[in-house]
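S.K.: Sending over a structure as structure tokens; questions will come in a sec.
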Amino acid sequence: MKIIVRFVFTLLSFLPLCLSAQQKGVVKGRVVDSKNNEPVPFANVVIWKTTTGTATDENGYFRIENVPLGYNRLEISSVGYTTKLSEEFLVNTASERTVNVELEESQVNLEQVTVKANPFRKTVESPVSLQRIGIAEIEKNPGGNRDISKVLQSMPGVLSSPAFRNDFIVRGGGPSENRFYLDDVELPNLNHFATQGASGGVVSIVNIDFVKEVNFYSGAFPASRGNLMSSLLDFRQIAGNPDKIKVRGTLGATDFGLSLDGPLAPKTTFIMSARRSYLKFLFDMIGLPFLPVYNDFQFKAETKFNQKNELTLLGIGAYDVNNLNKGMKDPDDDQRYMLNYLPESVQWSYTIGITYKHYGDRWNHLFVLSRSTLQNKIEKYANNDKSQTKLVDYNSGETENKFRFEHNHFLRHDIKLNAGAGIEHATYKNKTTRELYTSRELNHVRYDTDFDFFKWSLFGQASKNFFLERLALSIGVRVDGNSYTAGMNNPFKHISPRLSLSYSLTPEWFINANAGRYYQLPSYTTMGYADEHGKLVNKQNGLKYIGTNHYVMGLEYRPGSRTRITLEGFYKTYDHYPVSLLDSIVLANKGTDYVAVGDEPVRSLGEGRAYGVELMIRTQELFGIVASLAYTYYYSEFKKMDHDLHPISEYIPSSWDNRHILSLTATRKLGLWDIGMKWRIANGAPFTPYNPETSSLVAAWNVKRQPYLDYSRYNSERASSFHQLDIRVDRSFYFKKWSLILYADIQNIYNHKTKSPDLLVPQENADGSYKIDPERPDHYLMRCIKNDTGTLLPSVGIIIDF
């Protein structure tokens, strides 16, 4: 790391001597009608916030020279269409930039209303709970390390975490309640070292070199997207450069990679990348007892057969290996503790998808076919010695084959219709051997299961604007079913209606609202849990879809074309959430383990709620500063269970009930320099005290190597608040045929330590063995060790384009 830092500062010292005069870039592309892909001739195309621009030709093509280097947007306007602001894109000297734009037809006469381009545009289907995140915001996000999961921690309702994890906690919902899409293809897993049955991991597998925009929904989900309850993350990728092959090399805080994009054939372009981490060396340097190595690949090939037909093939995959740092010299208490309980793992996953789009006169068809697989192998030996007892032997895999059809029709009178259907075939395998201490006795868990089932869905959504587009209304419905159980087989039991509306009080003020019911399947780990005879335990227990109701209302104020302020209130209820038969805890409270969650016997009896208010301020016109402020005040609770696992009226806080979340992000461009800061604070999370009696038992400790919780006092106490300041500085260099970006990023610059409950561990003898309680031979003598989290983490990065 010291060598890299010295190299960066050497470049910063000498490169200015080599720079040529300030150069400009070139942007070209095509403007088409979104409903039929027909060209829009003579449209005005201007570089946003400048007077540099041109008009499209009769085929919709344009070319703009003398474009400022760096991140830009296009403002496109044409008679009969809504003025649009494009996604952000990077202009450099390595090559000309190609940007294609789709315009939506407008029913408003330009003499009646003036439409201004806005970077915070919303949709009729989702007028609330939607944040659009541009590529510059992702690239320059302080502490984000070019990782979308960390960037989203600046959004309202998203819980920040001080740990080395990317658990996705949105509006008090559990980490398994989220879904991810890449160019209309669903990604079951977003992160490396994914927690099977949830959404967590270490770092995102999506390479942002190819991302042009991310749409983040925390509610008001479109009917075409199902099986989710808390959030939807929709990635949109760039198309390959049609002129020549471009190359980008990156050396970041955690990995290095190579990206290519360019033409494959006259009508086909491609993008592809490969990355490999050096987290192993970074973690070893800062004294962490686990040494992860991840690898990923990503590709996309897009063929435009003609103006009416497009085919896209894309893929993304990861291969991750986590070994323990067994060679640590003189590990401290915390390091020894983690070495004793953390497993070693090998995990690989991939998604391959094909999308085909066909355009008609005022309609288009979308066909999506994909296959996704996750394989997870986890092992843990007593004392990390393979000659001793194997405590965990977990080998699991899940595969999904999916087909979805969508028809989009733009009817007369400004009615937009989306309708379609989907069918999936899923397989799940799990061979598990582990030791488990429950109900005051040692249990040997052994099962080997292999099952498959079908899932299906129908959906439709109609949207329309009224009163010169002052009122926007959208009504949708979705039904889901599957062949897992007779109860889930009936789609009429899982009808998901939704309603959205937006009303413009004035050109600056809007009232937005949404109400909807959504369903989600329990995780495959829960559906596939079996007994020693291979029978699916939770299938026999009558496992059901989890249901949730969302109610959202918000007030939106736009004082300028580059500022948006929203205030939203939300209320969510949960029903039929799986409850563990081992500890009586609703599974929504779990999901941040490093192995898998949900592989236990459950009953679908849990009920809960989450409600609160969110304030979001985003601006790009504060004295040249791009800034955002997000504050959330909320409650997340589940009903307490009685001895027969029936919910009672008393609510208790969930594990995500932090109550207060605040995030402030600001970046400023100063010539070729970019500087930024992000400060986050979250109130202390609830926690459950340990049970000293059970934790000290020799039989109990030896199989888990962690203290046991006292579930009679579940989430009765709170940890200290978490807060962290991150700083980032970027410097861009533009040469004749290539460009260079150097950046330095410091996370937790004032080295804040978040106070967590002390850990309860056995006392040790001089040889490392545990001390037996002389008065109780079946118990260890226990002691407490500190469990603070948070560390100052500096890093540097290099990005080269040519």
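S.K.: May I ask you to list pairs of residues, at least six apart or on different chains, whose Cβ atoms are under 8 Å apart, with the first in segment 17-34 being modelled with pLDDT of 50 or more and the second being basic (Lys, Arg)?
M.R.: Matching pairs, first to second residue: Gln23/Lys736; Gly25/Arg97; Val26/Arg63; Val26/Arg97; Val27/Arg63; Val27/Arg97; Lys28/Arg63; Lys28/Arg97.
S.K.: Can you run down the residue pairs with Cβ atoms below 6 Å, 6 or more apart or on separate chains, where the first is in segment 431-443 and closer than 28 Å to Gln375 by Cα and the partner is assigned to a loop (DSSP other than H, G, I, E, B)?
M.R.: Final answer for the pair search is Thr438/Leu582.
S.K.: Okay, moving on. So, in segment 141-158, how many residues would count as being modelled with pLDDT of 90 or more and basic (Lys, Arg)?
M.R.: 0
S.K.: How many residues does segment 326-379 contain that are assigned to a helix (DSSP H, G or I) and not basic (Lys, Arg)?
M.R.: Counting residues in segment 326-379 that are assigned to a helix (DSSP H, G or I) and not basic (Lys, Arg) gives 8.
S.K.: Kindly evaluate Arg618 against the criterion of being surrounded by 17 or more Cβ atoms within 10 Å (Cβ to Cβ), charged (D, E, K, R) and touching a Lys or Arg at 6+ places or on another chain (Cβ under 6 Å).
M.R.: yes
S.K.: Within segment 688-705, track down each residue that is within 34 Å of the chain's Cα centre (by Cα) and of a type in the set (A, V, I, L, M).
M.R.: Across segment 688-705, the qualifying residue is only Val703.
S.K.: From Val151, Val124, Val128, grab the single residue that is surrounded by 24 or more Cβ atoms within 10 Å (Cβ to Cβ), β-branched (Val, Ile, Thr), assigned to a loop (DSSP other than H, G, I, E, B) and on the phi < 0 side of the Ramachandran plot.
M.R.: Sole residue among the options that is surrounded by 24 or more Cβ atoms within 10 Å (Cβ to Cβ), β-branched (Val, Ile, Thr), assigned to a loop (DSSP other than H, G, I, E, B) and on the phi < 0 side of the Ramachandran plot: Val128.
S.K.: Would you say Tyr611 is touching a residue at least 24 places away in the same chain (Cβ under 8 Å) and touching a Leu at 6+ places or on another chain (Cβ under 8 Å)?
M.R.: No: the conditions fail for Tyr611.
S.K.: Let me ask you something else. Could you please find all residues in segment 714-747 being assigned to a strand (DSSP E or B) and among the aliphatic types (A, V, I, L, M)?
M.R.: Leu725, Ile727, Val729, Leu740, Ile741, Leu742, Ala744, Ile746
S.K.: I'd like to know if segment 121-132 contains one or more residues that are modelled with pLDDT of 85 or more and farther than 30 Å from Leu629 by Cβ.
M.R.: no
S.K.: Failed condition for Glu508, given (1) within 30 Å of Glu379 (Cβ to Cβ); (2) surrounded by fewer than 16 Cβ atoms within 10 Å (Cβ to Cβ); (3) of a type outside the set (Phe, Trp, Tyr), with all others met?
M.R.: (1)
S.K.: Now a separate question. When you scan segment 365-381, do you find a residue that is of a type in the set (S, T, N, Q) and surrounded by fewer than 20 Cβ atoms within 10 Å (Cβ to Cβ), even just one?
M.R.: Yes: segment 365-381 contains one or more residues that are of a type in the set (S, T, N, Q) and surrounded by fewer than 20 Cβ atoms within 10 Å (Cβ to Cβ).
S.K.: Moving on. Kindly indicate whether Pro757 is out of contact with any Lys or Arg (no Cβ under 8 Å at 6 or more places or on another chain), in a loop (DSSP other than H, G, I, E, B) and under 28 Å from Ser720 (Cα atoms).
M.R.: For Pro757, the condition - out of contact with any Lys or Arg (no Cβ under 8 Å at 6 or more places or on another chain), in a loop (DSSP other than H, G, I, E, B) and under 28 Å from Ser720 (Cα atoms) - is met.
S.K.: Considering only segment 277-317, state which residues are surrounded by 17 or more Cβ atoms within 10 Å (Cβ to Cβ), aromatic (Phe, Trp, Tyr) and over 21 Å from Asp209 (Cβ atoms).
M.R.: Phe283, Phe290
S.K.: I would also like to ask the following. Can you tell me which residues in segment 772-785 are loosely packed, with under 14 Cβ neighbours inside 10 Å and assigned to a loop (DSSP other than H, G, I, E, B)?
M.R.: Pro774, Glu775
S.K.: Please verify whether Glu532 is assigned to a strand (DSSP E or B) and not polar (S, T, N, Q), treating the condition exactly as stated.
M.R.: no
S.K.: Residues of segment 379-405 being under 33 Å from the mean Cα position of the chain (by Cα), among the hydrophobic types (A, V, I, L, M, F, W, C) and at pLDDT below 95, which ones?
M.R.: Hits for segment 379-405 are Leu391, Val392.
S.K.: Something else: Considering each of Val151, Val124, Val170 in turn, give the residue that is farther than 27 Å from Leu473 by Cβ and either of a type in the set (Asp, Glu) or not assigned by TED's automatic domain parsing to the domain that holds Arg73 (or both).
M.R.: Answer to the selection: Val151.
S.K.: Considering Tyr557, Tyr651, Tyr577, which residue is closer than 30 Å to Ser756 by Cα, surrounded by fewer than 18 Cβ atoms within 10 Å (Cβ to Cβ) and either in contact (Cβ under 8 Å) with a residue 40 or more places away in the chain or of a type outside the set (S, T, N, Q) (or both)?
M.R.: Answer to the selection: Tyr651.
S.K.: Look at Arg412 and say whether it is assigned by TED's automatic domain parsing to the domain that holds Leu468, closer than 25 Å to Arg478 by Cα and either polar (S, T, N, Q) or surrounded by 15 or more Cβ atoms within 10 Å (Cβ to Cβ) (or both).
M.R.: no
S.K.: Among the residues of segment 169-186, is any within 30 Å of Glu302 (Cα to Cα), at pLDDT 90 or above and part of a loop (DSSP other than H, G, I, E, B)?
M.R.: Yes; the residues of segment 169-186 include at least one that is within 30 Å of Glu302 (Cα to Cα), at pLDDT 90 or above and part of a loop (DSSP other than H, G, I, E, B).
S.K.: I'm trying to understand the selection: among the residues of segment 157-202, which are under 30 Å from Lys357 (Cβ atoms) and more than 13 Å from the chain's Cα centre (by Cα)?
M.R.: Hits for segment 157-202 are Asp183, Asp184, Val185.
S.K.: Additional query: Within segment 482-502, which residues are in contact with a Leu (Cβ under 9 Å, 6 or more places away or on another chain), modelled with pLDDT of 95 or more and under 15 Å from Tyr518 (Cβ atoms)?
M.R.: Leu499, Ser500 - these are the residues of segment 482-502 that are in contact with a Leu (Cβ under 9 Å, 6 or more places away or on another chain), modelled with pLDDT of 95 or more and under 15 Å from Tyr518 (Cβ atoms).
S.K.: Tell me the residue from Lys267, Lys308, Lys300, Lys304 that is touching a Ser or Thr at 6+ places or on another chain (Cβ under 6 Å) and of a type outside the set (Asp, Glu), please.
M.R.: Of Lys267, Lys308, Lys300, Lys304, the one residue that is touching a Ser or Thr at 6+ places or on another chain (Cβ under 6 Å) and of a type outside the set (Asp, Glu) is Lys267.
S.K.: Now, a different point. Can you tell me which of (1) under 22 Å from Asp745 (Cα atoms); (2) surrounded by 20 or more Cβ atoms within 10 Å (Cβ to Cβ) is the one Phe256 doesn't meet?
M.R.: Status for Phe256: all satisfied but (2).
S.K.: How many of the residues in segment 188-199 are within 30 Å of Gly554 (Cα to Cα) and in contact with a Phe, Trp or Tyr (Cβ under 7 Å, 6 or more places away or on another chain)?
M.R.: 2
The values are calculated or read from the model by the stated rules, or taken from the named source; none is laboratory data. Please read these numbers as outputs of a predicted model, since none were measured by experiment. We place every Cβ from the backbone using ideal geometry, glycine too, and count neighbours over all the protein chains shown.
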